[in-house]
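Here's the structure, in structure tokens; my notes come after.
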Amino acid sequence: MKRKIIIGLSVFSLIFIVSGMYAVISIEKATAKLDTLIRLHQIEILREHLLIEIKRSQTDLYLKDTKFARSIDTVVTHVRSMDRMIDTCIECHHTAAVADRIKTLHAQIERYKDALSRVFTIRANTERRRTEEETALVSGMSLITNVNSITALTNAKLQKTTQAAFQEIANTKKTLYIILACIPLLAIGLAIVFINGFTRPLAEILHATRRLKLGQLNYRIGELRDEFGEVAASFNAMAASLKEDCLRMQWAEQLIVLGEMAGGLAHEIKNPLAGIKASMEVLSDDPSVTPENRVVLRKVLDQIRKIEVILKSLLNFARPPKPHFILTDVNSVMDATVSLAERHPAFSSRNGNMIEIAKDFDRRLPDIMADPLQLQQIFMNLLLNSADAMPEGGAITLYTSHRAEEPSVRIRITDTGHGIDDATIDKIFQPFFTTKAQGTGLGLAITKGLIEQHGGSIEVVNEPQRGVSFTINLPINQAEEVRT
């Protein structure tokens with residue numbers, strides 16, 4: 001949006017500057033044309049005055065030797081005015097053709113002046129004076145004719161030039177009026193675009209916040225552009241995070257209630273079950289019981305032991321035992337757990353295929369403060385889980401590692417099983433979630449709880465080729481404090 005605002009304002013400023021420059025240039029051109037017209041009209045007036053002065057001199061010549069004859073000073077004044085005006089015409093800027101006509105006219109006026117001078121200076125020779133008067137009159141008439149023709153020609157051109165100039169000025173005025181009318185409209189249009197660009201996304205975001213306030217955590221803002229798109233994406237991410245947090249809080253509350261119920265239920269069942277178990281053991285040891293009945297009693301005892309295991313898991317989940325932290329060598333605990341696991345029936349031959357366990361331990365792994373029994377339970381749960389995922393046999397690899405700059409040790413357990421479905425991989429640590437036919441769904445949940453009691457974390461990912469990998473991070477800061 002910022003970029004659009006900058007571009008819009010830049011375009012508007014450019015249009016405003018170009019319009020201003022056009023207005024200034026148009027005014028300058030109109031002013032120049034008007035100056036030219038004024039100068040042309042002044043020249044035209046000058047020609048009219050020149051013609052008037054020539055006619056005055058011609059009149060002076062006609063009135064000579066009559067009772068209306070004018071004084072020699074008046075005649076001289078008229079001649080000087082005519083001479084001054086023709087000099088002014090010569091000083092003006094003209095085209096080459098006009099300049100030639102002005103020069104010809106100037107020469108003709110000079111001859112006319114000479115003729116007038118001779119007429120008014122000759123006294124004795126009457127015949128010659130009459131000849132000069134006729135020559136002067138003819139020259140004057142020719143001069144008047146010549147000036148009239150020049151004036152008529154320039155008047156026609158001046159009229160066309162004036163009409164063209166006024167038409168161009170009128171067109172310029174119309175263009176300026178259109179520009180002046182368009183600039184406010186353009187400003188209003190840009191303002192409407194910018195206001196819509198601000199208000200519509202803001203209204204959408206405000207509507208979304210109100211929906212979120214009402215508890216509609218599934219509501220998402222549609223696609224917005226520019227910076228508002230980033231705000232919308234952040235809002236959608238926040239709404240998704242809030243929904244996940246709410247679901248986790250609901251799940252946590254359900255777990256608390258479920259744990260309390262499971263603990264109470266396990267406690268209530270445990271005592272009667274112990275009595276039933278003791279009674280079954282007594283009956284199974286009774287010599288009067290037939291072998292067939294003794295087999296049945298042993299099966300009952302096996303089922304009671306399975307119930308006891310489930311009850312123990314429920315109690316561990318509902319009231320997990322507090323860890324007893326001591327300085328612990330993780331590699332040693334892993335070795336002991338592997339020795340126990342290899343004797344477990346789950347690691348026996350399956351269709352002639354064995355489950356192999358490989359170890360890749362970091363021998364420089366520092367000791368940590370942990371409960372070794374709980375660590376053994378964690379590792380055993382994960383090993384059994386991996387074994388269950390490989391009914392046709394396979395391999396389990398155990399890794400331990402530590403980086404000097406990290407305040408934790410890392411344990412990784414990788415198998416070559418069938419992996420975990422993407423739809424369920426995020427649910428495997430949830431209590432009572434299981435994909436096994438006879439599973440309780442508490443093994444991995446208890447494992448995760450025990451790891452978190454140690455201040456650690458666990459995560460699971462599918463391997464690129466086959467199987468899954470469980471990664472455990474356990475802090476070592478407590479071990480460092482003991483050593484110091």
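Values as computed for the structure displayed
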{"item": "Using a Förster distance of 25 Å, the FRET efficiency for A240-R200 (Cβ separation, nearest 0.05)", "result": "0.60"}
{"item": "Whether region 2-191 is rounded, prolate or oblate, judged on the alpha carbon gyration tensor where a/c under 1.5 counts as rounded", "result": "prolate"}
{"item": "Whether region 38-100 is rounded, prolate or oblate, judged on the alpha carbon gyration tensor where a/c under 1.5 counts as rounded", "result": "prolate"}
{"item": "Fully extended contour minus Cα-Cα distance, from S71 to Q163, at 0.36 nm per residue", "result": "28.6 nm"}
{"item": "Karplus (6.51, -1.76, 1.60) ³J(HN,Hα), θ = phi - 60°, over region 132-145, in Hz, Gly and Pro reported as x", "result": "5, 5, 4, 4, 5, 5, 5, 5, x, 5, 4, 5, 4, 4"}
{"item": "Extension gain (nm, one decimal) between E308 and H106, 0.36 nm per residue minus Cα-Cα", "result": "58.7 nm"}
{"item": "Long-range amide H partners of G419 with built H, under 5 Å", "result": "G467, V468"}
{"item": "Backbone HN-Hα couplings from phi across region 176-190 [Karplus 6.51/-1.76/1.60, Hz, Gly and Pro as x]", "result": "5, 5, 5, 5, 5, 6, 6, 4, x, 4, 5, 4, 5, x, 4"}
{"item": "3J(HN,Hα) from dihedral phi, region 355-368, Karplus parametrisation 6.51/-1.76/1.60, rounded to Hz, x for glycine, proline", "result": "9, 9, 10, 10, 10, 10, 9, 7, 6, 9, 5, x, 6, 10"}
{"item": "Theoretical FRET efficiency, 1/(1+(r/R0)^6), r = Cβ-Cβ of D360 and D421, R0 30 Å, to 0.05", "result": "0.60"}
{"item": "Extension gain from T471 to R80, taking 0.36 nm per residue of separation minus the Cα-Cα distance", "result": "128.8 nm"}
{"item": "Residues whose placed amide H lies under 5 Å from that of I355, excluding near-sequence neighbours", "result": "G394"}
{"item": "Across K243/K448; K243/K306; K29/K157; K33/K55; K322/K427, pairs whose alpha-carbon gap is larger than 28 Å", "result": "K243/K306; K33/K55"}
{"item": "Pairwise FRET efficiency - R412 versus S288, Cβ, R0 = 51 Å, nearest 0.05", "result": "0.35"}
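No lab work stands behind these numbers, since they all come straight from the coordinates. If you're wondering where the values come from, they're calculated on a predicted model, not measured in any experiment. Here the Cβ is made from the backbone with ideal geometry for all residues, glycine too, and neighbour counts use every protein chain on show.
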